[in-house]
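Everything below concerns the one structure shown next.
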Amino acid sequence: MLLIDRIAHRMRAPAAVVLAVPIALVALHAGAGAEIVAKAAGIPKGANGIGGFINGAKALVTPALVMVAAIAPLALIAGGLVLLFGGRRGMQIIGTSLGVLLLLGSVTALVA
């Protein structure tokens, strides 16, 4: 490996940080996205502390649970097909789809 290649390889991470920090600062400065999500979730502007967190969690977790419940059967079928054709990742696909569904269901039960 040439010296130039070694230097270029070592400079990739710092260069990524130098590029990512200004982008993150601009995104934080233009934080209107959080207000849009809070408005769509129905979180009152006067909600402070744990009350606002619970209202937001209820409003955001329920649609996510519906979406995951709609996709889970497709993931189960895809995982079964991967297993059928000898793939090693089929059980991971099946386990992930069921795990995410159970996780979101438990979050909904805990928050409600």
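Screening 43, 54, 36, 93 for residues that are buried (at least 16 other Cβ atoms within 10 Å of the Cβ) and modelled with pLDDT under 90 leaves exactly one candidate, 43. Taking the condition without any contact (Cβ under 8 Å) to a residue 40 or more places away in the chain, closer than 30 Å to residue 54 by Cα and either open to solvent by 50 Å² or more (accessible area, probe 1.4 Å) or not in a helix (DSSP H, G or I) (or both), does residue 74 pass? No: the conditions fail for residue 74.
The values are calculated or read from the model by the stated rules, or taken from the named source; none is laboratory data. On a predicted model such as this, the values are computed, not experimentally measured, just so you know. FYI the Cβ positions are ideal-geometry reconstructions off the backbone, even for glycines, and counts take in every protein chain you see. Note: areas computed on protein heavy atoms with side chains; ligands, DNA, RNA excluded. Shrake-Rupley method; radii C 1.70, N 1.55, O 1.52, S 1.80 Å.
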